[in-house]
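Read-outs throughout are calculated quantities, based only on the coordinates presented, and are distinct from any laboratory measurement. Values in this document were obtained by computation on a predicted structure and should not be read as measured data. Cβ placement follows ideal geometry from the backbone for every residue including glycine, while neighbour counts extend to all protein chains displayed.
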Amino acid sequence: MKGWNGRLLRIDLTRGKTAFQEYTGDLAQRFMGGRGLAVKLLWDELKPGTAPLGPGNMLIFATGPLTGFALPNSGKMVVASKSPLTGGYGDGNLGTHASVNLRRSGIDAIVVTGSAEKPSYILVEDSKAEIRDASALWGLDAFRAERELKEAHGRAAGVALIGPAGEKQVRFATVVSQEGRAGGRPGMGAVMGSKNLKALVLRGTRDLAAAEPGRLRELGREGYQAILEKENYGFWKRQGTMATVEWCQEHSTLPTHNFREGVFDEADAISGTAMEGMVTTQRGCPNCNMTCGNVIEDSEGRESELDYENVTMLGSDIGLGDLREVATLNRMCDELGLDTISAGSVIAFAMESAEKGLLDLDIGWSDFEAARDLLTDVAHRRDAGELLGLGVRAAAEKMGDGASDWAIHVKGLECSAYDCHLCPGMALSFGTSPIGAHHKDAWVISWEVSTGRRTEYNPEKADKVIEFQRIRGGMFESIGTCRFPWIELGFELGWYPRFFEAATGVKTSLDEMYALGDRVYALMRALWVREFGGRWSRRMDHPPRRWFDEPTTKGPLKGSHLDRERYDALLQAYYDRRGWDDRGIPTRATMDRLNLSAEVAQLERYVKLN
Ligand code: PTT
Ligand code: SF4
């Protein structure tokens, strides 16, 4: 196989064993890499019903066939597992030198099982892999621990690790890298912590073998140049994802006060324009010439790398309009290893619960000091942090008294930063995202707003969600590159089959990549159904109750809310187009069409297929 290394590294932490394993071209071609490879490994090897934080769970770090080549934005890898936050399939995407080093060690993915007796880290240096003692690193924040590991193993090493929140198994703990990259929203950091695994340290020095090295070099050069020439490049470099704050405010979709509203009175103070005057430096992922990590000094004089999601969930959603204070909360999340989106949602949930007299905590909207203390308590699972560290769904269920009404999540994963009171298409995207309410698979909101959101429940919206899920959730998650060149600058999708062919020698087309996306989607859905069995229902594909039942009270679109019946009809249109039945489960014919016939027998042990 060219392009792929064709090798996995398996680590059994209980037995203290490491082993390299070759895998076949058939697996590579059917599931490509990244998310595709991860979901297939979980399907084949994870025992159904496994406790997410038990030694039986698998934690997978999977690159794609383009990761590490000198191609635009090729520094990504997927970290996947059964999620302790949702109980279903979970993953996240991390841009880091660890991905490139992994590939240059001659490996495509690392599969970790078991649980170490004492704190450990995994060191991979080309074809050498060992499990080392991490006792001295346990308890350190993610920035400090990464620095120590780089001191020990050299600046060239790539590190992916957890902070104290992962160690304490906070359900939305994430995996962190490079002091400002983070991936694995649905608790992949908690799974790492449950395995007593502090870090992966990777050093790879091999050249990656491409099928057509000369052509790949040339395509890479042309691709980078095309990105530089894109019209929006200058603006992107100035604001990155932060431009979305102004856009969301303008269109009443900025999450505010725990998603009660879509506009925030102090939006200007936390906008991309406000940030522009504060930026001290920029950071980013490897192999990228459009780096988007804008760093500012936070209210404590330390560096913090901002992104739209982080700033709104830790800003407008908790009523905080001071960008430097927001930056402090953001930096704390990276150090502690907490997902910013869920952390912001948990703080907002706590603020609303305290306001309603259901939580005995001295915390009000926009209270920075209280939010800062709560974040620390959540990361260490103490006081109110013990309960809130379970995420909003579980915390609300334990609290009772109607608290679930303002727990903003889908399938247990807190919603990312788009208020959907008047965006049924985006609500469908959250509802059908394969990991819970994350925007990464189908960010249809900008299309929806620009094409007249008042034609609200048009089935065309289901088509758009599927189209984006194929491209973003299928192709980009499996190929190993960042999607921003395409989505933000208009770098044409046609580049990717060309990159893929030069790397692997396998001729392909966008249609074939989309078919891969559909296959991966069907298998992720099958995993959910296998885990939930009789508890599975189409209601799990519904967005939070608040967007249906509590109209907004502010802004030009005040009074907006979703309609439950019409949403459900849109969901049915989505199922019909996917070839899923009215429970939201792929039919036998769909499984066959997607080359998943071999997986049917196992699925039928848990649910009868139509
Ligand atoms: C991603 C989610 C996002 S999506 C953001 S901001 W975004 C939040 N970032 C966090 C953070 O930072 N620190 C932290 N402690 N928690 C965080 N949680 C949130 O996590 C990220 C970029 C971004 S910034 C986005 S959209 C794009 N995502 C891509 C993707 O998913 N796939 C892909 N092929 N390319 C992508 N490119 C962009 O990458 P999750 P990163 Mg992230 C600090 O992890 O779990 O997928 O959730 O990876 O390397 O930081 O790059 O407005
Ligand atoms: Fe990473 Fe941003 Fe570059 Fe994408 S555009 S590869 S997220 S730095």
Q: Take the alpha carbon atoms of the chain, find their radius of gyration, then divide it by 2.2 N^0.38 Å using N residues; give the quotient.
A: 0.89
**Q.** Hydrodynamic radius (Kirkwood) for region 429-604, which is based on Cα pairs only, to one decimal in Å
**A.** 17.7 Å
Q: Mind computing the radius of gyration and Dmax over the alpha-carbon atoms of region 236-419? Å is fine for both.
A: 15.8, 51
**Q.** Label-zone membership for region 204-248, site K128, 7 angstrom Cα→C-beta point, backbone N under 16 Å
**A.** 204-206
Q. When DSSP assigns beta bridges and you keep just the ones with both residues in the chain, what percent turn out antiparallel, to the nearest 5?
A. 80 percent
Q. Taking region 159-220, which trypsin sites (Lys or Arg not before Pro) meet the DSSP loop condition and have no more than 14 other C-beta atoms within 10 Å?
A. R206
Q) Among T24, T256, T376, T552, what is the fewest-to-most ranking by other Cβ atoms within 10 Å? A) T24, T376, T552, T256
Q | Karplus-derived HN-Hα couplings along region 472-480 (A = 6.51, B = -1.76, C = 1.60, θ = phi - 60°), whole Hz, x at Gly and Pro | A | 7, x, x, 5, 5, 6, 9, 8, x
Q: List the lysines whose Cα lies under 26 Å from the Cα of K150, skipping any in the same chain that are fewer than 8 positions away.
A: K17, K76, K118, K128, K168, K195, K198
**Q.** Phi-based couplings in Hz for region 380-394 (Karplus 6.51, -1.76, 1.60; Gly and Pro marked x)
**A.** 9, 6, 10, 6, 5, x, 4, 6, 6, x, 7, x, 5, 5, 5
